[in-house]
Amino acid sequence: MASRFDEYWPVAQHAPASAQPRAIVQRSLFALALVCLGLASSYGAIALLTRVTPALFPGKELISIPVITNVIERLPSGLEVEAPGETSSFNRRKTVLFIGVDRRADVPITEPFHTDSIMIGTVDPLAKQMSVLSFPRDMWVDIHNPSGGSFKNRINASYGYGILNDPEHRVESGAKQLILDIKENFGIEVDLWVWMDIRGVEALIDQLGGVDVVIDDDLAVYENWYYTDDDFSNPRYIQFLPGKYHLNGYDAVAFGRYRNDSDYKRVKRQQLVLLAAVQRAFKQNIFQANPLGLWGAYKGLIHTNVADVNVPGYVGLLKDTAGSMKVYSVADPVAGVPSVWGVTIAETGAQVVEWEPENIQYWIKQTFTKSIYAQSTVELQNGYGAGGGARLEALGRYLQFERYLPEVKLGPDTAERPTTTIVVNTEDRRPMAEDIAKWLGLPDSAIIKGVRESATDPDVVIVIGQDLELPNS
């Protein structure tokens, strides 16, 4: 008598000859079902990991791994797996606020310090580039009350105001207040923050073995400056004349703190030290070390909201940049127009820094330039004929100061032509060329492929013709 198991799962040797084909078909269907289930599970896992990988490791795509690529290529039509694109939240920029305070060694970190250094760093996972934007400490901004409303003060008072409004006087509260005021005044969203004091910066630079800098005439310290990092120990007279220097942590911080000439130059000095420190770190291959081990070695020198679980991803992202960094300051003029200027507040006599919002936005856009524009050069050539020079300059100003392209330069005149042409010498800059065509109201047929013969050639060349109409905005 057949068992109930045999009734539902017939086996070949128990079945009559006429039933064997049916049994074979059933087993084949069962096997096929298992294969389909495995394929569906593999697809689901690959699709999930493809989406999650950039969240843990920004800029990384599981889809680029050869073994995974081979599997994906064999998936049936309609089951394609695509990695998150440029607009995906996984691949959006990571933005870090660096807070530098002038804290003496005997003062608790929970005191409401003024911030001597405010920098915003950003890393583009797709462009593999770091950018840093600095703010002068005396910028006159709106400080926002937790209960609503705002009042005017220097930006360097924002952090301390956050500390004072927290009963526990936590560093985190000061950082959150500064992040809020940066967002409300400048429209910048900050993800992470890092707090450091003088001694922490000194220690970091000393652990790197010092930094190498070349100081030019503009940033030199000619004064025989009496300096100490804590007002009572190790005082000395310091000069930084033009030339090459290898600076230890104490001297590097001293150089970055000098502002007897101007606070704007102090920003430049701090950026020079920062660039040198990044170059030193890559030269010593410190990012090749175990990420969590590296984090453990340096974490004690800072305070931050960076979670340990995200450290390997962020270290990998830094490694991908290969040290490529651009630095900007909102204090720099734009097209000869000052971005900041000193004023005196009549009621108090305080010396503060007012600012031009449009110029500040220009520097913000340069810092946060779209990945498809990053490190790009655009050259403009005059094919319009007589009177084309003025049009060329106007177009250059439009592209750089209203569309925020990183580098726009004027090239030579060329033969007159009736239509405007956009030549793409670097194919991965075609999306930028397509954007330019839209801004200028040109058809896609205006974009043609060119050849970049040397590294100094521009990525995109725009040859203006007699059909060019300059945009209004």
- Task: Assess whether Asp191 counts as being of a type in the set (Asp, Glu) and more than 26 Å from the chain's Cα centre (by Cα).
- Result: no
- Query: Does Val330 satisfy the condition of being modelled with pLDDT of 85 or more, among the β-branched types (Val, Ile, Thr) and over 30 Å from Arg397 (Cβ atoms)?
  - Reply: no
- Task: Determine whether Gly300 is within 30 Å of Asp229 (Cα to Cα) and either over 21 Å from the mean Cα position of the chain (by Cα) or of a type in the set (D, E, K, R) (or both).
- Result: yes
- Mind checking which residues of region 459-473 are in contact with a strand residue (DSSP E or B) (Cβ under 8 Å, 6 or more places away or on another chain) and over 21 Å from Glu416 (Cα atoms)? Asp459
- Message: One residue is enough: does region 216-228 have a residue meeting the conditions closer than 26 Å to Ala105 by Cα, in a loop (DSSP other than H, G, I, E, B) and more than 31 Å from the chain's Cα centre (by Cα)?
- Response: yes
- Message: Condition (residue is part of a loop (DSSP other than H, G, I, E, B), among the basic types (Lys, Arg) and either at negative phi or surrounded by 23 or more Cβ atoms within 10 Å (Cβ to Cβ) (or both)) applied to region 177-194: is it met by at least one residue?
- Response: no
- Out of Ile286, Ile302, sole residue that is touching a strand residue (DSSP E or B) at 6+ places or on another chain (Cβ under 9 Å) and in the same structural domain as Val221 (by TED's automatic domain parsing): Ile302
- Task: Among the residues of region 416-473, write down those that are outside any strand (DSSP E or B), more than 28 Å from the chain's Cα centre (by Cα) and of a type in the set (S, T, N, Q).
- Result: Thr419, Thr420, Ser445, Gln466, Asn472
- Just one of Tyr404, Tyr398, Tyr384, Tyr362 is buried (at least 18 other Cβ atoms within 10 Å of the Cβ) and on the phi > 0 side of the Ramachandran plot; which is it? Tyr404
- Members of region 143-188 that are under 21 Å from Leu133 (Cα atoms) and among the hydrophobic types (A, V, I, L, M, F, W, C): Ile143, Ile155, Ala157, Ala175, Leu178, Ile179, Leu180, Ile182, Phe186, Ile188
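The values are calculated or read from the model by the stated rules, or taken from the named source; none is laboratory data. Just so we're clear, the structure is a prediction, and the values are computed from it rather than from any experiment. Cβ sites come from the backbone with ideal geometry, for glycine too, and all protein chains shown count toward neighbours.
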